[in-house]
1. Note down all Cβ pairs under 8 Å where the first residue falls in the range 96-107 and is at negative phi and charged (D, E, K, R), the second is modelled with pLDDT of 95 or more and part of a helix (DSSP H, G or I), and they're at least six residues apart or on different chains.
2. Under 7 Å between Cβ atoms, at least 6 apart or on separate chains: pull out the pairs that start in the range 27-50 with a residue that is modelled with pLDDT of 75 or more and end on any residue that is of a type in the set (D, E, K, R).
3. Does the range 82-128 hold any residues that are of a type in the set (Val, Ile, Thr) and under 18 Å from SER51 (Cα atoms), and which are they?
4. Tell me, please, whether a residue that is surrounded by fewer than 15 Cβ atoms within 10 Å (Cβ to Cβ) and free of Cβ contacts under 8 Å to residues at least 40 places away in the same chain can be found in the range 148-161.
5. Determine, yes or no, whether LEU70 is buried (at least 18 other Cβ atoms within 10 Å of the Cβ), in contact with a Leu (Cβ under 7 Å, 6 or more places away or on another chain) and assigned to a helix (DSSP H, G or I).
6. Looking at the range 180-202, which of the residues that are touching a helix residue (DSSP H, G or I) at 6+ places or on another chain (Cβ under 9 Å), buried (at least 18 other Cβ atoms within 10 Å of the Cβ) and free of Cβ contacts under 8 Å to residues at least 60 places away in the same chain is nearest to LEU150 (Cα to Cα)?
Amino acid sequence: MTRRRYLPLHCLTLLLLCVPGCDQVAYRQMNDPGRDAWQQPKAVIEALHISPGAHVADLGAGGGYFTFPLAEAVGPEGKVYAVDTEDESLRFIEKDAAQRGGMPRQVELVLATPNDPHLPVHRMDLIFTCDTYHHLPNRVAYLTSLAQYLRPNGRIAIIDFKEGSWLGSLFGHATSKDTVRQEMKAAGYRLINDFDFLSKQHFQVFSPTTHE
């Protein structure tokens, strides 16, 4: 008997995003509860020790998979900016919020441009990005500019797929941990945490060296 081989969920999602007209299916895949098994959103949020009342940017929010857990972490007095360059992403987050009973008051949707996240200056306690790093244009310059949005002791958390998967190699949907570190250092940041509990991704946290 021939065993059928199925694409992992994240691989299927990335393929759908490359096919015109499949955006809605892809966003539903992004938010599929089956993702929790390998993405471990609860453990990710806990590792970041986000304080109630914090201001957090979900950079490259996509379908809002992390937007809502981040909103719960900051609480009603905090703020989560769901940032994406695709208006369709933000509309999907709105639809998902409606199904959840309404958009949390602490969530603000932000339509960014490729070179500007349009965040309030000096207001972010944390800029969080998951599976978006490899999409950033002119990364060192872009990352350098992000420092202006951070408060003193602000952090940038980066989760991205590890190199080695066939899809990551084929479509460029992966970045090595060392590449992230080198580019963040060049942009003026230092590594403050390196978590290794995600099997498919690396998870690193940085702080601007000027905050030392």
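The values are calculated or read from the model by the stated rules, or taken from the named source; none is laboratory data. Just so you know, these numbers come straight off a predicted model, no measurement behind them. Virtual Cβ from ideal backbone geometry, glycine too; neighbours counted across all protein chains shown.
1. ASP96/PHE68; ARG100/PHE68
2. Final answer for the pair search is TRP38/LYS200.
3. Looking only at the range 82-128, we keep the residues that are of a type in the set (Val, Ile, Thr), and these are 83, 85, 93, 107, 110, 113, 121, 127.
Passing the criteria: VAL107, ILE127.
4. There is at least one residue in the range 148-161 that is surrounded by fewer than 15 Cβ atoms within 10 Å (Cβ to Cβ) and free of Cβ contacts under 8 Å to residues at least 40 places away in the same chain.
5. Values: buried (at least 18 other Cβ atoms within 10 Å of the Cβ): yes; in contact with a Leu (Cβ under 7 Å, 6 or more places away or on another chain): no; assigned to a helix (DSSP H, G or I): yes.
For LEU70, the condition - buried (at least 18 other Cβ atoms within 10 Å of the Cβ), in contact with a Leu (Cβ under 7 Å, 6 or more places away or on another chain) and assigned to a helix (DSSP H, G or I) - is not met.
6. Only one residue fits best here, namely TYR189.
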